[in-house]
Each structure stands twice: as C-alpha cells, then as structure tokens.
Amino acid sequence: MTGKKVTLRQSQLVLGFGPGAMVDLPTRSVVIGGLDLWHMRERGSWRPIHEPRAAAVLETLLRGTGRLADGVRLMLRTPPVHDENRTGPGEPPGIEARIFPAWFVARDAEELGEVRRRRLVRWRDLNPRGRAELVDDDGRHLAVTPIRFVAGCHKGHLQDIDWAYAVHVDLPGRCVQPLWLEERGTSGDPASTRIMCGCGAALSLRDAQADGRFGKCRGRRPWLPTDDADCGENLRFLTRTATNAYFPQVLTVISLPAGEDELTRLVEAHMDAIDWVTSEAEMAIARRANPALRAALAGWSDADVVARVAQLRSTGHQTMAKAPKVAEFDLLASGLPVIGSDTPDARLFARTLSREQWDGDRPRLSPIASAVAVHRLREVACLYGFTRFEAAPTAIDGDLEELHIAVEGAALAVDLEWLPAVEQLGEGIFLRFDPQAIRDWLCRPAVAMRGEALLSGWDRWRAGQAYGDKLRFPGLAYYAMHGFSHALMTEIALDCGYPATALKERLYAIVDEDGERFGLLLYTASTGTQGTLGGLVAVLPRLGAIAERALDRLALCSGDPICAEHDPDAHADERALSGAACHSCLLVAETSCEARNLYLDRALTAPTVLTDATALFNA
C-alpha cells in the first residue's frame, strides 16, 4: 500500500478510476482497491443514492451471475469523502491503493553504442528509504519508474510479468544475473525493445505479445483481498497506460419523478431508512430508532407514511418492468405540457414545446416530431464492473440484453453489498423523431444499399469478438440519429457557452412489440458549476437554425474524399463499425458519446460530396 494520500474526485472513481484501475503516481503506479478496501465507517463520509430502477436492474444482473448473494439488497453509495479539517482518533475515510506493478526500471539510460539500457529491478530491491530509487553495485542512487508492461486476461485478472522466468522460459535452471530493458532506435517498434539478462538471454516485446507466451492466468486480483481460482485463460501482454487496460462498466439512468407532493418528497428523502417498513408498527419502530426521521415526518401519521412507502415501492417495480431507456423515452415523449414539477428538489422538470418555440418550422427538420425543454434532470451513474482488452457492449437500443453480456466483466468486491454511484444535476434538450419519417427514409434503395455495407462491416467485426454471437446490429436509424447528435453537440457548444466536453448524449432507437421509439437527449450534468446555469435550454428558441448549421457542416469534411469514401467492409477492427466519420467531422470526446464514437455515418445524416440520396435530413 502507498503511504501518501492522493485525491480523486468522486466522479473519477466511478467513471474511469474505479477498483482495478491502474493510476500513475510520481514515483510509482498503484491499482485502486476494491470495495472491500474502501474505508467508509466514519459518519458522514458517504451518503446513499436512492435510484430504485438502477438498483433493481443491477440486482437482477449481478445475482444472475453469482456476484450478488441471494437475499442481499443492493445499495448505491457515493465514494468516501475525506474532510481535511477532521481531527481525532479513528480510521479516516479513504481507499486503499496497492503498489502495482512491482517491477521498476531506472529512469536514466546507459548509452552503449546504438543501445540504450536501463536496469530492471523488483520493488523489494529498491532503497528501503522511500522505495523511490535503486542503489546500484557502484553505490549510485538511480531514480526509478514503474515498468509499463504487465499481464492480464479477458476476465479482468491482472498480474506482474515474472521477467526472470519469461526471459529464461526456454532455458534450464534459474538465472540470478541482473535484468535490463534495452531499446534500439527511436521508432518504438516492439522488436527494437527487449528485456535482456546478464547471461545473454533476451525477450523482445514483439515475442512477448505472442498469444500464450506467459502461460495460463492464475486469477490474480491485486485490487481485492483474495484471488480467483485459476481461470484457464491465456495471459496477454498489456501496456498498463494503454486505453484497453481498463474499461469501466457503468449503468447510467435519468431519474424519473415518482411523486410531487410534500409527503412523497419527504419519504423519498428518507427511503433508505424506511424502505423495509410494511406496517404501522414497523414505522413506529423506525421513528423511535431514528431521531432525524422522526423530526422530518412529524405531523404525518404512521398509516400515511406506510401507504406512501408502498406506493413508491410499487412505482419502482412498475418502472423496472421496462428497460431504463424505454421508461425515460415514454415519459419525455408523452407530449404532456409539463413533465415533473418545478421545485428546487425535483428530479425532473420539463416542458413540451410547440414547433414555433424551438424554431422547428423548417422543411429540412421535418424528421423531428417534437422538442422538450428539460429544465432540470438528475443523472445517476453506477459502476458495476470493468473489462480489459475489449470494452463490453452498451445498451444502445434500450434493451437489457447488452447489460447481461457486459456483466461478465471483473468483480468489484469479494462480498458485494453496495456499488459506487454518483448523481449529477443538469439540464437538457429532448428531440423525438417521427417514426413514419424514419420508415419512409429506410425504404429508399440507396439507404438499403448503404445499410448492407454497414451491416457487412459489422458482421466482419463481430466475428472477432468473444461475445459476437450475442450482439445485435444497432440499426440505420441509430446511425443517422447518432451522427446528427454529434453534429448538433458540436454546434450547440459554440452557441450555449458550455465546453463541448460538458455535453452528453442519450439516444433512443427502440423497436419492440409496443412500437417504434426514436429520440435523442442532449444534456449536461455535473456535480460542479457546469450543467446548472441554463445555457443549454436557452438555445431552444434558436435550435432550428443551429441544427441546420450543424447539418451544413457535415456536407464537407477536411478529410474528404477519403472520409466520405470509407468502406466499413474493408476493415476488421472497430473502423468497420462506422461509415463516413472521422475526427474532422463527427468524432467527439468519448466522455460525451454513449457508444465510444462507434456507429457513426454522416452520409446517413446529411448530404456529402459522395451522395445525397442516403441522408435522413436531405436539403
């Protein structure tokens, strides 16, 4: 464990640096401890987040895979907060982080002709005073840095590479000569970098990346107190600072209003303390045991409170009969003049606008059926696992099937009882698309041909995925709305005052037995100042003009004609999942995109230099 404290934001611990993630520190690298190593016993160091739809979804998924024991009610909690002004005895809140990897290389290289070499040592061989330097055979003090290379497997397991063994795996005996990291040239070619032993044995990084080179995975989980049994997967070479070293699995939901009167708001605020209550006698016990609860519900009878708890419990189960995205779409697209309530503590408050109010009387924007100004929303993001090497699929169409696949990632705790979550408040714009306009567009021959090309590329990519046979093509409507979403986010950022990285998207392309649902929610939500100033909703009177400018920008990309002529079927990697899309036209910050900048094709959204016959928004 490290002896120095490092501070991370609560949202960072959920969205990018959760249990199992490797974090670089000035003199070492650590792996963030699992939930068993989060110290949260101090009163006030965390608070519960009440979001029954998210908790119900995750209970079902995690219990089905054995991660959550039968009978355990899953809670959502904020990560621990440390008060710097805290004094007195007791264990302060915080998260343990363990040294990983335990191999280090000297920072300064020795020049031997064209070869630069640096000493490779274990953590235990470093200077005991601080463990931040190596004292070599000549008595020199050499600063060290953690080696960049570790090993892992598809199940998320992680372990150090035993370099002494790896270099001599084909040789008899165990060598005790010193190890060196040697580099030739400046190209960065793996064949030019190797681990060299003093006896002459060597292993290049190119050979180290061969499948099975390090044998079978031992189920190591350095972020948890215990390891798995041998998992049987082949260990794979992994660069710890690479983007594929950690893909967090996060369920995000937009909170729905469960009630609007005073008693409902009071019960919701204390739901975590009384959600077990089913009778007036139990309610009386809860009041006696909790002074804060007794004071908050003063003036309300036990019978009234019990009835309201039952009502909210029933509402939560009813909404969970639908996937989160389906429930959100049905409410936002309901056409109600007012959705939710305009109170400071409301979870959701929105107004459905006429076309004149959002400047929608433009023929080019006819596929958009209606717009909703979301003045207040609450986003809850919950971390429930992670993967390595390949990101798990997201529930892009509102179904929960993708989440069932994604839950096969690594565990966050040995005995799971709660999950880390953050709630963020903000505002947004919801656009509902006309299903008939989508159907008419899909009937065009040119659109069908474009769809065949995208489907062919998707099939080629899916064939190389471990869970490929369980995936479903997102559909051309998703591609078209996704491209429009990215273009609109970029254009709105120039007008509303928020940085583009503060905007997020949530797409609804749902086709089921209840019909077709097509929509788009652009929103900003933050625990800080961003997302609370009203700048996003303020652009709605100009939204029509902004949308047309966004579409005009898609007509020509600085990467054309190469961008417009991109053939998905010519690739087997993730480039097979997109058509005409690149960093110059459609790609945005991955924190803003719900699908990691995949499933994009501006030719399906707007006319390009190649064709205008496939565009949903055709001039």
(message) Of all residues being in a helix (DSSP H, G or I) and either modelled with pLDDT of 75 or more or hydrophobic (A, V, I, L, M, F, W, C) (or both) in region 372-407, which is surrounded by the fewest Cβ atoms within 10 Å (Cβ to Cβ)? Just the residue, please.
(response) Ile405
(request) Kindly indicate whether any position in region 131-150 is within 21 Å of Arg236 (Cα to Cα) and either among the polar types (S, T, N, Q) or part of a loop (DSSP other than H, G, I, E, B) (or both). (result) yes
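Being at pLDDT 90 or above, within 24 Å of Ala369 (Cβ to Cβ) and out of contact with any strand residue (DSSP E or B) (no Cβ under 6 Å at 6 or more places or on another chain) is true for just one of Leu587, Leu554. Which residue is that?
None of the other options fit; the residue is Leu554.
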(message) Could you check region 247-266 and list, in sequence order, the residues that are out of contact with any strand residue (DSSP E or B) (no Cβ under 6 Å at 6 or more places or on another chain), assigned to a loop (DSSP other than H, G, I, E, B) and not aliphatic (A, V, I, L, M)?
(response) Gly259, Glu260, Asp261
(message) Of everything in region 464-482, what is in contact (Cβ under 8 Å) with a residue 12 or more places away in the chain and more than 19 Å from Glu516 (Cβ to Cβ)? Give them in sequence order.
(response) Gly464, Gln465, Ala466, Tyr467, Lys470, Leu471
(request) Specify the residue that is surrounded by the most Cβ atoms within 10 Å (Cβ to Cβ); the eligible residues are those in region 556-589 that are aliphatic (A, V, I, L, M) and over 26 Å from Lys504 (Cβ atoms). (result) Ala564
(message) Among the listed residues Arg53, Arg63, identify the single one that is among the basic types (Lys, Arg) and surrounded by fewer than 20 Cβ atoms within 10 Å (Cβ to Cβ).
(response) Arg63
(request) Sort out which residues of region 8-56 are over 21 Å from the mean Cα position of the chain (by Cα), among the aliphatic types (A, V, I, L, M) and not in a loop (DSSP other than H, G, I, E, B), and write them in order of number. (result) Leu37
(message) Given the criteria assigned to a loop (DSSP other than H, G, I, E, B), at positive phi, more than 19 Å from the chain's Cα centre (by Cα) and at pLDDT below 90, does Gly534 qualify?
(response) yes
(request) Report yes if some residue within region 212-226 is at pLDDT 80 or above and assigned to a helix (DSSP H, G or I); otherwise report no. (result) no
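The values are calculated or read from the model by the stated rules, or taken from the named source; none is laboratory data. Note that the coordinates shown come from a computational prediction; the quantities given were computed from them, not determined experimentally. Cβ coordinates were reconstructed from backbone atoms using ideal geometry, including for glycine residues, and neighbour counts include every protein chain displayed.
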